[in-house]
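Below: the structure, in structure tokens.
The values are calculated or read from the model by the stated rules, or taken from the named source; none is laboratory data. This one's a predicted model, so the numbers in the text were calculated from it and none came from an experiment. Because the Cβ atoms are built from the backbone with ideal geometry, glycine has one as well, and the counts that use them run over all protein chains shown.
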Amino acid sequence: MFAPGGVRQLVLEVVAYAADEAECNSGGRCTVTLHLDGSVSVADDGRGTDTRVDDRDQVVKKPVMASKDLRFFDHPEAQVLPDGHPRRGMSVVAALSEWLVHTNRRRNGAWSQRYEHGVPVTGLEPIADDGTTGTIVHFLPGESLAAGVVTADEVVRLAMLWPHLAVEVDDRRSA
């Protein structure tokens, strides 16, 4: 119901966030990697997910993976993805995945967090800052979606509809 396009829908949901970043920054790039184990990762060169230090000196990030994105989820006028299905948001990707790892690099630090079936199973874990910014979302689609296959050509063709985003696909499944 929330991913009528199957795995393709989940990939496009993540690429849509990279496209949003690219549009805000007058252009951007992302790499979609189709892994041998059936997982998918999308890495972009944007600003990274909004992450801040709160008044208790704790690092917190915008909860895009574990809460409905009210701009899209069940909104009658939600943006339509290039496959013709309505955009639902990143929480749908997390919820419909066996696991998802969100890696976030910003100018003020870098963190990673793991989710299983949409539920955070780790806190924000600091990782080495390599001087870059951007987001990597690596996920394994749930078994109910595993039968759905997405091709590299299909991802490139659909992503062309986002004019500010250059998309490269690295298909490692035949290795």
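Within the range 51-91, the only residue that satisfies the criterion of being at pLDDT below 70, among the aliphatic types (A, V, I, L, M) and either farther than 25 Å from residue 140 by Cβ or outside any loop (DSSP other than H, G, I, E, B) (or both) is 70.
Among the residues of the range 116-131, those that are surrounded by 12 or more Cβ atoms within 10 Å (Cβ to Cβ) and within 24 Å of residue 22 (Cβ to Cβ) comprise 127, 129. Does residue 100 meet the test of being surrounded by 16 or more Cβ atoms within 10 Å (Cβ to Cβ) and either touching a Pro at 6+ places or on another chain (Cβ under 8 Å) or modelled with pLDDT under 90 (or both)? Answer is no for this residue.
Of everything listed in (1) of a type in the set (A, V, I, L, M); (2) modelled with pLDDT under 75; (3) within 21 Å of residue 116 (Cβ to Cβ), the single unmet condition for residue 42 is (2). Checked against the criterion of being of a type outside the set (Phe, Trp, Tyr) and either closer than 14 Å to residue 137 by Cβ or not in a loop (DSSP other than H, G, I, E, B) (or both), the candidates 36, 12 yield just one match: 12. Only one of the numbered conditions (1) buried (at least 16 other Cβ atoms within 10 Å of the Cβ); (2) more than 17 Å from residue 11 (Cβ to Cβ); (3) touching a Lys or Arg at 6+ places or on another chain (Cβ under 8 Å) is not met by residue 105, and that is (3). The residues of the range 114-138 that are over 19 Å from residue 45 (Cβ atoms) and in contact (Cβ under 8 Å) with a residue 60 or more places away in the chain, listed by number, are 124, 126.
Only residues that are more than 23 Å from residue 35 (Cα to Cα), of a type outside the set (S, T, N, Q) and not in a strand (DSSP E or B): list them for the range 108-134, please. Listed by number, the residues that qualify are 123, 124, 128, 129, 130, 131. Does at least one position in the range 135-155 carry a residue that is among the hydroxyl-bearing types (Ser, Thr, Tyr), assigned to a loop (DSSP other than H, G, I, E, B), closer than 29 Å to residue 26 by Cβ and modelled with pLDDT under 95? No, every residue in the range 135-155 fails to be among the hydroxyl-bearing types (Ser, Thr, Tyr), assigned to a loop (DSSP other than H, G, I, E, B), closer than 29 Å to residue 26 by Cβ and modelled with pLDDT under 95.
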